[in-house]
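Chemist: Sharing a structure below in C-alpha cells format, with a few things to ask.
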Amino acid sequence: MREAYESGIDVSVIVQDGLIEAMNIIGPKMASGEMFVPEVLLSAETMRAGLEVVKPYLSAGDVSTLGKVVIGTVEGDLHDIGKNMVAMMLESSGFEVVNLGTDITPEDFLKAVEENKPDIVGLSALLTTTMQAMRKTVTLLKEKTSNVKIMVGGAPVNDAFAREIGADGYAPDAAGAVQLAKQLMA
Ligand code: B12
C-alpha cells in the first residue's frame, strides 16, 4: 500500500483498484460457499489495515468544515467497511464526521442527532433484512427532527428505495456520497 503510494500511484486508484476490487472478489466466493466467515473477516481486517495506511494521504488537512455528518450502520447490521470508507472520504473532503459504528438502533441515531446536531445523517445497510431498520430510522428521524438531511447507501439500497422510505438522497459509493453531501448542504 505504502509502496504503491510512494511509487506515485494516485490514492483513489489504490483504494478502488487495490482494495475495493479485491473485496468484489470475496462477495461471490462467500455466496458460492468457497469462502467462509472467518476468511471473509480476515479479508475485511486486511481491507481495514489497508485503509488505515492510505488515510493520511486522503486527508486534505486544514480544510474548514463543509458541514457535520453523523454516520452509522443500521440496527442488526455489522458490515462497516463501506460505511467507514464513506466516513473517511467525507472527512478528507472537509466534512466533520461522527462515526457511530454498527448495529445502531433508530433511537440511538435520534439520540446522536440531538447530541451532535449534524447537518446530515448517513445510514448504511448491507443486508436486505436490515433495509427495514433503515426505513424505521428514516421514519423516526423525519418525525422527531427538523432540518437534518438523511442520505442512505449500501449494496442492496438504491435510489428508488431511498425515495420510497423518505430519505433525502442515495449514493452508490464513497465518491458519490461526498458529491451528494455537498449537494445536500447547498
Ligand atoms: C465483508 C463482508 C462481511 C463481513 C463484514 C465485516 C465488516 N467489518 O464489515 C462479515 C464476515 C462479518 C459478514 C457477515 C455477514 N454477512 Co456479509 N458480506 C461481506 C462482503 C463480502 C463485503 C462487504 C463489503 O465490505 N464490501 C466492500 C465495501 C467497500 O462496499 P459496500 O459495503 O457496498 O460500501 C460501498 C457502497 O455500498 C456505499 N455505501 C456503503 N454505506 C453507505 C452509506 C451511505 C450513507 C452512502 C451514501 C453510501 C454507502 O459506499 C461504499 C464505498 O464505495 C459482502 C459481499 C459484497 N460484495 O457486498 C457480504 C454480504 C453483504 N454479506 C452477506 C451475508 C448474508 C452476511 C451474513 C448474514 C452471513 C452469515 N450467514 O452470518 C453475516 C451478517 C452479519 C450481520 N449481522 O451484519 C450477504 C448479504 C445478502 C443479502 N442480500 O442480504 C452478502 C451480499 C454476501 C453474499 N453474496 O451472500 N459479511
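Chemist: Work out, step by step, the length gained on full extension between Thr139 and Ala186: first 0.36 nm times the residue separation, then minus their alpha carbon distance; give nm to one decimal.
Modeler: 14.6 nm
Chemist: In whole percent, how big is the carbon plus sulfur part of the accessible area of the chain, probe 1.4 Å, protein atoms only?
Modeler: C and S atoms contribute 54 percent here.
Chemist: Hey, another quick one. Note down the relative contact order for the chain as a percent, whole number, built from C-alpha pairs under 8 angstrom at least six residues apart.
Modeler: 18
Chemist: Take the Cβ-Cβ distance between Thr65 and Gln16 as r, set R0 to 22 Å, and report the resulting FRET efficiency rounded to the nearest 0.05.
Modeler: 0.30
Chemist: Another question, then. Compare Asp108, Asp77 by solvent-accessible area with a 1.4 Å probe and give them largest first, with all protein chains kept in place.
Modeler: Asp108, Asp77
Chemist: Is region 66-186 rounded, prolate or oblate when judged by the Cα gyration tensor, a ≥ b ≥ c being the square roots of its eigenvalues, rounded requiring a/c under 1.5 and prolate requiring a/b larger than b/c?
Modeler: Rounded.
Chemist: Now a separate question. Testing the spin-label approximation: label points 7 Å from Cα along Cα→Cβ at Asp159 and Glu115. State their distance in nm.
Modeler: Between Asp159 and Glu115, the label points sit 3.6 nm apart.
Chemist: Just by accessible area at a 1.4 angstrom probe, what is the order of Asp80, Asp119 from largest to smallest?
Modeler: Values: Asp80 30, Asp119 60 Å².
From most accessible down to least: Asp119, Asp80.
Chemist: Under the rule of -39500 (n - 2.57) per DSSP H run of 4 or more residues, summed and divided by the residues of the chain, what mean residue ellipticity at 222 nm is obtained, to the nearest 500 deg cm²/dmol?
Modeler: So the helix-based figure for the chain works out to -15500 deg cm²/dmol.
Chemist: I need to check one value: relative contact order of region 2-57, counting alpha carbon pairs closer than 8 Å and at least 6 residues apart, in percent. Don't skip to the answer; put the middle values down first.
Modeler: Details: 20 pairs, mean separation 22.3, N = 56.
Answer for region 2-57 is 40 percent.
Chemist: Next up: Hey, any idea what Rg/Rh is for region 2-57, computing Rh the Kirkwood way over Cα pairs?
Modeler: Here the Rg-to-Rh quotient is 1.05.
Chemist: A further question follows. Please label the shape of region 1-115 as rounded, prolate or oblate, based on the square roots a ≥ b ≥ c of the eigenvalues of the alpha-carbon gyration tensor (a/c under 1.5 means rounded; beyond that, a/b larger than b/c means prolate, else oblate).
Modeler: In terms of gyration-tensor shape, oblate.
Chemist: Could you tell me which helices of the chain pass both thresholds, a Cα extent of 24 Å or more along their own axis and a mean Kyte-Doolittle hydropathy of at least 0.0, with helices taken as whole DSSP H runs?
Modeler: Helices meeting the criterion: 37-58.
Chemist: Gaussian network model of the chain, Cα springs within a sub-10 Å range: biggest mean-square fluctuation belongs to which of Gly72, Gly82, Gly176?
Modeler: Gly176
Chemist: For the chain, build the charge dipole from Cβ charges (+1 Lys, Arg; -1 Asp, Glu) around the Cα centre, then report which of Ala174, Phe109, Leu41 sits farthest towards its positive end.
Modeler: It is Phe109.
The values are calculated or read from the model by the stated rules, or taken from the named source; none is laboratory data. Keep in mind the model is a prediction, meaning the values are calculated, not measured. Every residue, glycine as well, gets a Cβ built from its backbone with ideal geometry; the counts of neighbours run over all protein chains shown. When the accessible area is computed, the model is the full protein with side chains, heavy atoms only, and any ligands, DNA or RNA have been set aside. Shrake-Rupley method; radii C 1.70, N 1.55, O 1.52, S 1.80 Å.
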